Every structure is written in structure tokens, then in C-alpha cells.
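The values are calculated or read from the model by the stated rules, or taken from the named source; none is laboratory data. Predicted, not measured: the structure shown is a model, and the values here were computed from it. Note that we place each Cβ from the backbone using ideal geometry, even for glycine, and neighbour counts take in every protein chain shown. When the accessible area is computed, the model is the full protein with side chains, heavy atoms only, and any ligands, DNA or RNA have been set aside. Shrake-Rupley method; radii C 1.70, N 1.55, O 1.52, S 1.80 Å.
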Amino acid sequence: MSDALARAGEVVAEAWDDLRADATGAGEVASQLDLLLTAVRAERDGSAVPDLVASPLARRLVGRLRGAYLASPDRAEDALATLRAIEAVDLRLAPAWSERFQDRLEGPGGLELVVEIAHDLRSPLTSILFLAETMLNGRS
């Protein structure tokens with residue numbers, strides 16, 4: 001791991017207070033950040049990346065890590081490889097849309113989502129049926 005990436009991790013860890021909405025405390029931020037730095041290092045070296053849990057905290061930490069890394073000077077070759085690794089870790093944390101839809105259906109607003117989808121489908125179908133009947137009645 002480059003010195004610049006380690007320094008970026010320290011900068012993000014020191015500003016953990018900004019992440020209170022997504023974290024229970026500095027310990028949670030530190031452990032999640034350590035896991036993300038390990039994942040970036042593994043991604044960069046081409047080795048096995050540890051399992052990552054996509055969470056709002058992890059997504060925010062990756063964004064902050066990227067920003068802190070870009071703010072620090074580094075060799076161009078090293079910077080490009082590290083940024084590619086950070087992006088790869090970010091992609092691993094991106095939600096799969098099918099899983100996200102399933103999570104929304106199972107969540108507290110799942111019934112409301114089904115009602116909205118049914119309404120959105122029913123309205124155009126009702127309009128199409130009305131127009132078809134009007135056209136059929138107009139011909140007779």
C-alpha cells in the first residue's frame with residue numbers, strides 16, 4: 001500500500017465524526033476503513049479481495065477515501081493503479097438492482113411499492129381499453 005493511500009486512510013479515520021449518521025462510533029469506522037484499505041490493496045495487487053458488505057457507511061468511506069487520496073501528492077503510476085483499485089472496490093459495493101428491488105419489496109414500504117406499481121400499470125391499461133372501446137363504438 002502506498003504511503004499516500006495510508007495517509008488518506010488516516011485522514012478519513014480522523015474525520016469519523018462526519019459519518020455519525022452511518023456509524024455507531026470511531027471503532028466501526030476504523031474497522032470498516034481497515035477492511036476497505038485491505039480490499040483496495042488486494043485489488044491493486046491482483047490478489048483475493050475480502051468479502052465486502054455493501055452498506056451506506058462503506059459507500060461513504062470509499063468516496064471519502066478516494067477524495068482524500070486525490071488530495072495527496074503521489075507518483076502518477078502509483079496513483080493510477082491505486083485509483084483503479086479504489087474504483088474496483090467501489091463497484092463491488094454497488095448494489096445489484098435486482099437485490100435492491102427485492103430489499104424494497106421486503107422492507108417496511110414493500111406493500112406501498114406494490115400498490116404504486118399496480119396503479120402505474122392500471123392507469124395506462126385503463127386508458128388503452130377506453131380508447132379501444134371508443135374506436136369500436138365509433139365504427140358501428
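So the values come out like this:
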| item | result |
| --- | --- |
| C-alpha long axis of helix 26-45 to longest principal axis of the chain, angle in ° | 90 |
| Size of electric dipole in the stretch 2-140: Cβ of Lys, Arg +1 and of Asp, Glu -1, about Cα centre, debye, nearest 20 | 420 |
| Within the accessible area of the stretch 1-84 (1.4 Å probe), percent carbon and sulfur | 52 |
| Local net charge near Ala23, Cβ-Cβ under 13 Å (Lys/Arg +1, Asp/Glu -1) | 0 |
| Cα-centred dipole magnitude for the stretch 33-91, charges only on beta-carbon of K, R (+1) and D, E (-1), debye, nearest 20 | 220 |
| Accessible-area value, Asp22, 1.4 Å probe, nucleic acids and ligands omitted, Å² | 50 |
| Listed residues Thr38, Thr126 arranged by accessible area, highest first, probe 1.4 Å | Thr126, Thr38 |
| Per residue solvent-accessible surface (Å²) - the chain, probe of 1.4 Å | 67 |
| Degrees separating the helix 56-71 axis from the principal Cα axis of the chain, which is the longest one | 50 |
| Solvent accessible area, Å² - Ser31, 1.4 Å probe, full protein context | 70 |
| Accessible surface, 1.4 Å probe, highest first, among residues Leu83, Leu61 | Leu83, Leu61 |
